[in-house]
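We did not get these values from a lab; they are worked out from the coordinates using the rules stated. Note that this is a predicted model, so its numbers are computed, not measured. Methodologically, a virtual Cβ is constructed for each residue, glycine included, from the backbone with ideal geometry; neighbour enumeration extends over all protein chains shown.
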Amino acid sequence: MRSSIAVILTASTLVLAGCYSPGALVQKGPVFSAPSSKTPKNYALCVFPQWQEHRPDATMSETEMGYRLVSGNDMNTNEILSISKTVSGSSVKFYQRAYLDFGSGKESALRSTKECL
């Protein structure tokens with residue numbers, strides 16, 4: 001009886017939380033976007049250390065057009081920050097999945113994204 005309740009609770013949690021690959025998260029569209037006068041590199045170097053404080057799984061990679069920060073695990077991508085070069089600096093797009101987060105990581109990712117503009 002207890003094991004069947006645990007299975008039902010686990011399945012319910014997964015359905016509510018949903019699984020997101022980076023591509024699926026980007027398809028949903030950004031939850032925040034803005035221009036920055038900073039270069040993609042300078043902006044990424046401002047945001048990334050702050051993400052790492054609350055999201056030890058955060059990674060940063062250089063792309064053809066700028067930089068990309070990603071946090072998450074093998075099952076889910078939690079946040080993506082896409083930073084693209086523009087004529088006047090950078091274009092910033094922040095993607096975040098809807099999920100239960102009892103820590104400060106979810107809020108801090110968006111806060112640092114905005115603070116570094």
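Taking the average, over residues, of other Cβ atoms within 10 Å as the packing measure, peptides 80-86, 53-59 rank 80-86, 53-59 from highest down. Cross-link reach is defined here as a Cα-Cα straight distance under 24 Å, omitting same-chain residues fewer than 8 places apart; for K28 the lysines meeting it are K85, K93, K106, K114.
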